[in-house]
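Note sheet for the following structure.
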Amino acid sequence: MKKSLKNKEKTQKKRKKYDIFKKISIFFNKLIFPDDIKCVFCGRDIPSFYEKPYCSNCEKLLPKNDGKRCLICDEPIGNEAVICDHCQKNKRYFKKARAPFLYKDLVRKSLLSYKSDNKRYLAKGYAIIIAKEIKGWKIDLITYVPMTKRKEKERSFNQSKLLAKNLAKILNLPCLETLEKVSETKSQKTLNYLERQKNLLSVFNLKDKELVKNKNVLIVDDIITTCATLNTCAKILSKHANNIFVCALARNALKKEENENVEL
């Protein structure tokens, strides 16, 4: 028994030493390799990261989502309508969505590196960009699209959660885990709109209704595609929240075959 307690104490001491070493290591890495002076798209040094976290060269090439956009889901619109066909045909459980860029070129490359190459430091710059895009929104708390525990462990982090936490710091708002993902799904990017809806049935649960009761909630994700995942999350939260808003760094323009009359 005594031996077991001694071993436990040794393990705890080792963990404390490791945690201290890790914090010191992170501190000195930031001093030597600061993550708030680099363009989030090309990595060049820039003079004013917190004002604009990308360089002037990249700014000229960025695929900005600044044309005519749907007033609800922020999808680019190529006609005179103010609400896209998708939002006219399908119920949205969020009030408004915003994404400053289109998911292609430099933005696509950067986001893929963020997720697949574990470039977590990019979240800070992304959050600065999004914060400017949603300026003026009345929000009480920030949440995010969850992953299953297994998936998050595989990737080592949840990209939406990290982005949400950085955004919450900028906006001085609480960031809460309001939803949990209870089962794995097929990759959404391989499915059409109808398949995405079916793929998301019974996937998410609300953790505690009191967290969102009568609140204006912002759901954060890295990319908006068909809005299927975000709309599912919004539907669950909307039963108790006041208003639901959605944001991401990038927006995919929907294909014609995805604009089907399907209710979620």
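Structural remarks
- Residue, surrounded by the most Cβ atoms within 10 Å (Cβ to Cβ), within segment 39-81, restricted to residues that are in contact with a strand residue (DSSP E or B) (Cβ under 9 Å, 6 or more places away or on another chain), closer than 29 Å to Cys233 by Cβ and β-branched (Val, Ile, Thr): Ile72
- Extreme residue, surrounded by the fewest Cβ atoms within 10 Å (Cβ to Cβ), among residues of segment 138-159 that are in contact (Cβ under 8 Å) with a residue 60 or more places away in the chain and within 22 Å of Lys213 (Cα to Cα): Lys138
- Pairs are defined by a Cβ separation below 6 Å, a sequence spacing of at least 6 or placement on different chains, a first member in segment 204-216 that is farther than 9 Å from Ala241 by Cα, and a second member that is basic (Lys, Arg); the pairs so defined are Phe204/Lys181.
- As a summary of the residue check, Lys95 satisfies the conditions (1) under 18 Å from Asp222 (Cβ atoms); (2) at pLDDT 95 or above except for the one numbered (1).
- Any hit, segment 55-65, residues being within 15 Å of Leu122 (Cβ to Cβ) and at pLDDT below 90: no
- Scanning segment 119-137 for residues that are on the phi < 0 side of the Ramachandran plot and without any contact (Cβ under 8 Å) to a residue 40 or more places away in the chain returns Lys119, Lys132, Lys135.
- Being free of Cβ contacts under 8 Å to residues at least 40 places away in the same chain and either among the aliphatic types (A, V, I, L, M) or assigned to a helix (DSSP H, G or I) (or both) is a condition met by at least one residue of segment 85-102.
- Residue list for segment 165-190, restricted to those being loosely packed, with under 11 Cβ neighbours inside 10 Å and modelled with pLDDT of 90 or more: Asn172
The values are calculated or read from the model by the stated rules, or taken from the named source; none is laboratory data. As the structure is a computational prediction, the values presented were derived from the model and not from experiment. Cβ: placed from backbone, ideal geometry, glycine included. Neighbour counts: every protein chain shown.
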